[in-house]
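For reference, the structure discussed in these notes is given below.
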Amino acid sequence: MNMHNILENKIREHAGEIFGSEPQDGHRERFAGMLSETCNNKKRISIRQIISYAAIAAIFAGCVFFLYRTINQDFILDDPLPEVQNYYAMQLQDKIDAIEQLLERVDENDRMSLMADIENLQKEAELSMANSDENNTAFVVMTYSSKIEALQHINNILTDNLLTQKIN
């Protein structure tokens, strides 16, 4: 017989005593008294402990502030914004160069109109960067990405039209 069965049998034998009887007289009162003593014996914190906790908190806050300033200064010195801006400006110029090569095979009137639109698009991107109060990489990416996507769309249309003209 295993331990589980032994315990189960003992409980069954004494079930009437365990579950059927009321607690002894005064049990509830003794329990309530012990409970109230526990609640009344709250640990009191001395003034010295409060001052030491406040000093530790002040030292911790000072360390956090010092680290924040140090990290913030390092971030300002290593600002990736100009690099990101140069990267996207080069991407924009690469798309413009690719379109200019395709425009050599386009009618003169259409070529001039498309070039004017592309130059306006490039100036718009440069003006957005120059006149913006935002100095974050997300703004640079958002501004240039939309222009690059527009140029890619123009490139795709020109490529499709030139291929269609070759076939016909």
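Read-outs: derived from the displayed coordinates by stated rules, not from any lab. Computed from a predicted structure; not experimentally measured. Neighbour counts are summed over all protein chains in view; Cβ atoms, including those assigned to glycine, are modelled from backbone coordinates with ideal geometry.
Numbers at a glance
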quantity: Karplus 3J(HN,Hα) series, Hz, for the range 104-120 with 6.51 cos²θ - 1.76 cosθ + 1.60 (x for Gly, Pro); calculated: 5, 9, 10, 3, 4, 5, 5, 4, 5, 5, 5, 5, 4, 5, 5, 5, 5
quantity: Size of electric dipole in the range 80-167: Cβ of Lys, Arg +1 and of Asp, Glu -1, about Cα centre, debye, nearest 20; calculated: 200
